Structures are given as C-alpha cells and as structure tokens.
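The values are calculated or read from the model by the stated rules, or taken from the named source; none is laboratory data. Everything numeric in this text was worked out from a predicted model, so none of it was measured. Cβ atoms come from the backbone with ideal geometry, glycine included; neighbour counts cover every protein chain shown.
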Amino acid sequence: MSIPEAVVAPLVTARLLIVARTTEERARLARTLTGLGHEVETVADTERAVERLEARAFDVVMALPAQVTEAAELATWMRVRHPETPVVLVATAEFGAAALDVAGPEALVLVPPPAAPADLDGAIDRALARRAAWRQAPPHRHADLTASAPDPASQAAFEDALSRLYLVFQPIVRANSGCVVGYEALLRTTSPRFRGASPLLSLAGSLGRLGEVDQRVRALLAAEYEDAAQWRSFFLNQDASVLDDGLLGSDDDPLLPYASRLVVEFGASLRLPPSPEVTGSVLRMRQAGYRIAVGDHAGVTPAPARMRALAPDLYKLSGAVVHRCDQSASRRRTIAEVVELAHADGALVVAQGIERPEEHQVAVELGCDLLQGFLVGMPRAAFD
C-alpha cells in the first residue's frame, strides 16, 4: 500500500502512533506525516501497538492492517482500553467494515487506499474532532469512566441477587465427534430484577463487587465437585482481578483439589502487559493443573495479541464472530486466522454461539476443535 510523497500544510499537529507491517510502509507514512508537522512513532503490529499504548498517550492511532483480524483486534482494544483515542484506518472497505462493527463510527475514521497526504491529514483532523466531542459529551455517554456513587437500592438489589445465585451448565463438544469434553458454568439468579447474567455483572462492576460474584461462583462449583461421583470437567469464567489477587492455585483456593478438571477463562478484563503479580499467578495456576482459556473481548471479535499474552491452552471465538459466518467471508477469514494462530501455539479453538447447522459446518471445515451453542447443547441446571 503506497502513500504519495507530496506534502501539504498541516491543519493540526498531533502525536501519532503508526501501525504498519512492512518497513517501507512505516517509513513512508512517517516521512509523510512528519512532513505534515505531526509527531510520529511507528510499530510493526497490534501486539507492539498495545504495549506502546499502555506506556504512552497518543492523540491518534493510524493503522494499515494486513488482515481483517488485525483491523478488528485493534479497534476492539481501543474501544475497551482507550475509548478517548480515535483510530484512522487506511484500509479497504472490507477491512474497515470489520473494524466499524467493533468500534463504531464515533471512534474510527476510514480512509481508502491509496491515500494522499491531504486525505491523511484530513482524516487526522476528523479523528481529533471526534476525540474533542467525546471529551465534551455528557457523563452518561462514557459512564464506564465516570461511574456515579452507588445508591442503597442498587446495593440491596445486588445483595438479593447474590444470595439467589445458581449455576447452569452448557456442554462443550468435540467438533469432529460431538462427544462432550466439559461444561461451561454459566451464572444465573432467581432474583426477579435480573433476567440474565449480563445485567447483574454490569451492576456488580459499577458497585465494585465483581469479586464477590466470582467468590460465590467458585463456592457453587466447589459444591458440585464435592459430590464423590462428580468426574466432569468445567469451564469457569473469572474476572482477571483474580490474577492480581493470586488466589487461584494458592493454598487458599477452594477449587485447588479440582484444578486438573478446570479450564479458567479470562475475557475483557484482562490487561496488557501482564504485571509480575499476574505472571506469578498464571505460573501457580499451571503448576496446580489449571488450564487457561482466553475469550472474546467485550463480546466481539477476538483480539489475538491480547489473547496470546497468557499463552492460553484454549482460544474462544465469540458468538459475534460465529453468528451467520456461512454468509460472511470476513467472519470466515477471522475464524481461519484465529485457528491458524492458536494451532501454531499448540492451543485449541472453541467456537461459541453455534446455533445453526450452517455455522456448525463452517466451524468444523475451518478447523475449530470444540463447539458450544444451542445447536449442540442447551444450558441445564442438572446433568442427565
């Protein structure tokens, strides 16, 4: 992808992080944008971009993705971890559509290649204008960063729901045989206020009480294992804060006796780069026998750079990627790329959200190892 060399007068000076695969692309973009008056740093891929963004603030990220997965991954990371920093994507409509599905038009400016310097600088201007609008938006527009103080009614509703928690179990099967390899433990409550797990977890997060939910889930799962006849393997979702606490794999871990039959999944709360405490926790978990899965990011396209950080045993494709993948070339390409990455690392891939025979067929054909979804098994409170 070539960038013309002509230079035009800068409209706004910005601190830019350029993400491009080849040395030539990075050098040409840096030369053009520096000539336009911008301050520029360059990195080769999303993994390095993630690390740099954790260390320094940038006004705009500009990316030339080489794959659909790259575009969606970067957009995912920016939406969740750096919502104030807009992305300029120099990419085809197909790549841009994958990223727009994740980030939304408010956070992303798409520039089709080849892009002239004036096009690039205009895109940076639009990105900065969107950042300014985000900063001036009412607090409720980004309530995740400006949570209000919890009210007594919310606290009471949470405590009632917490006391009524129970688990249901959805089977995960081998793609090639349909044999059950384990069950994902899914959170439910009989509280009439909450119709599913997501509203309860959202409230717990706003109250700063996710740890209490995780603690209760661990206790419920330990009770399942205390049945002498309980031989099953379970998949357990946990907030990544448990890695900072160092509980799993420690002597105080209530699930320690059953670790070899547990897969622990960390999703959107996982942070990069891992701290020494997190690295130590992961090592203890592996020594105890736990296997680690890393899942979708905020319920959308997986982010391989983030997923790869813990060298997981399993990668979980989100239902958003799997949904109607038979009708979407970009989603099939995303699945194939994640399968290739996981298998190169010796990991397995779980395709979630299998609800139609066509999705089942695509997941099997593209090399997914395990399947999960209503088509292969409904969540149940008891086992057959």
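From the list SER233, SER202, pick out the single residue that is assigned by TED's automatic domain parsing to the domain that holds PHE169, of a type in the set (Ser, Thr, Tyr) and at pLDDT 90 or above. Outline the logic, then answer.
On the way: SER202 fails: at pLDDT 90 or above.
Among SER233, SER202, only SER233 is assigned by TED's automatic domain parsing to the domain that holds PHE169, of a type in the set (Ser, Thr, Tyr) and at pLDDT 90 or above.
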Output the residues belonging to the stretch 69-105 that are of a type outside the set (Asp, Glu), surrounded by fewer than 21 Cβ atoms within 10 Å (Cβ to Cβ), in contact with a helix residue (DSSP H, G or I) (Cβ under 8 Å, 6 or more places away or on another chain) and modelled with pLDDT of 70 or more. HIS82, PRO83, THR85, ALA97
Being modelled with pLDDT under 85 and not in a helix (DSSP H, G or I) is the filter here; which residues of the stretch 116-152 pass it? ALA137, PRO138, ALA143, ASP144, LEU145, THR146, ALA147, SER148, ALA149, PRO150, ASP151
Within 24 Å of THR23 (Cα to Cα), modelled with pLDDT of 85 or more, more than 17 Å from the chain's Cα centre (by Cα) and not charged (D, E, K, R), is that true of PRO65? no
Of the residues in the stretch 298-341 that are closer than 26 Å to LEU243 by Cα and charged (D, E, K, R), the one that is modelled with the lowest pLDDT is ARG306
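Keeping to the stretch 346-374, report how many residues are among the hydrophobic types (A, V, I, L, M, F, W, C) and either exposed (fewer than 15 other Cβ atoms within 10 Å of the Cβ) or on the phi > 0 side of the Ramachandran plot (or both). Full working, then the answer.
Step one: list which residues in the stretch 346-374 are among the hydrophobic types (A, V, I, L, M, F, W, C), which gives 347-351, 354, 362-364, 366, 368, 370-371, 374.
From what is left, the residues that are either exposed (fewer than 15 other Cβ atoms within 10 Å of the Cβ) or on the phi > 0 side of the Ramachandran plot (or both) are 374.
Residues in the stretch 346-374 being among the hydrophobic types (A, V, I, L, M, F, W, C) and either exposed (fewer than 15 other Cβ atoms within 10 Å of the Cβ) or on the phi > 0 side of the Ramachandran plot (or both): 1 in total.
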Among the numbered conditions (1) touching a residue at least 60 places away in the same chain (Cβ under 8 Å); (2) under 20 Å from the mean Cα position of the chain (by Cα), tell me where VAL242 comes up short. (1)
Hey, can you tell me all the residues within the stretch 282-297 that are assigned to a loop (DSSP other than H, G, I, E, B) and at pLDDT 90 or above? GLY289, TYR290
Residues that are in a strand (DSSP E or B) and of a type in the set (Gly, Ala, Ser), drawn from the stretch 11-65: ALA20, ALA63
For the stretch 173-198, which positions are surrounded by 13 or more Cβ atoms within 10 Å (Cβ to Cβ) and within 18 Å of GLN215 (Cα to Cα)? GLU184, ALA185, LEU186, LEU187, ARG188, THR189, ALA197
